[in-house]
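A short worksheet on the structure shown next.
The values are calculated or read from the model by the stated rules, or taken from the named source; none is laboratory data. Just so it is clear, the structure is predicted and the values come from calculations on it, not from any experiment. Heads up, the Cβs are rebuilt from the backbone with ideal geometry, glycines too, and the neighbour counts pull from every protein chain shown. Calculation scope for accessible area: heavy atoms of the full protein, side chains included, ligands and nucleic acids excluded. Shrake-Rupley method; radii C 1.70, N 1.55, O 1.52, S 1.80 Å.
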Amino acid sequence: KAAAPRLLPWLVAANPVKYGKPCTLSCSEALAAGLFISGYKDEARQLMNRFKWGHGFFSLNGELLEAYSACEDAAQMLTVQENWLAGKGTDGSGSGLPDDEPPLYPPSETDEEDDFEQLPGHEPQDEDVDE
C-alpha cells in the first residue's frame, strides 16, 4: 500500500472489475477524473471513450465531477464530498447519497478480484481492465 492511497475525491468505479465500489478507480478512471476536475473535460471523455464501459464512469459520477471541477481549492472539494456523502447533494440541498440506501457495492473482507465464484467453463483470464 502507498503512503497516500487516495488523493482524488470520492468517486465510484465504473470498470467491470470494481463496478460500483467507491474510491477503487482503475488507472484510466483516475486519470480521467483528474483531467475532468482540472478542466480538461473533453480529454477526459476522449480517454474514457476508448473503453466499452467508459460512458458509465460519467453516468455514475457526472454530478460530482462537475461540482469538483467548479471548486477553487481543496477545502471546497472536501465540502462538496462531505455534502454528497451526507446525502445533501453537491450543493448541500439534499440530492446526494441517500442515508437509507445501501452502498452500490457491498463491502468485502478483501479487495481481491478472486472473491467472485467462477462459473463452470469460464476460466479467469489475465487481462488488465484498462486495456
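Summary table below
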| item | result |
| --- | --- |
| Approximate spin-label separation Ala30-Asp91, in nm, with each point projected 7 Å along Cα-to-Cβ | 3.2 nm |
| Projected area, mean over directions - the stretch 46-93, Cα convex hull, nm² | 3.8 nm² |
| Distance between modelled label sites at Leu7 and Gln46, nm, 7 Å Cα→Cβ extension | 2.3 nm |
| Long-range amide H partners of Thr24 with built H, under 5 Å | Ala13 |
| Carbon + sulfur, % of accessible area of the stretch 1-89 - ligands and nucleic acids excluded, 1.4 Å | 55 percent |
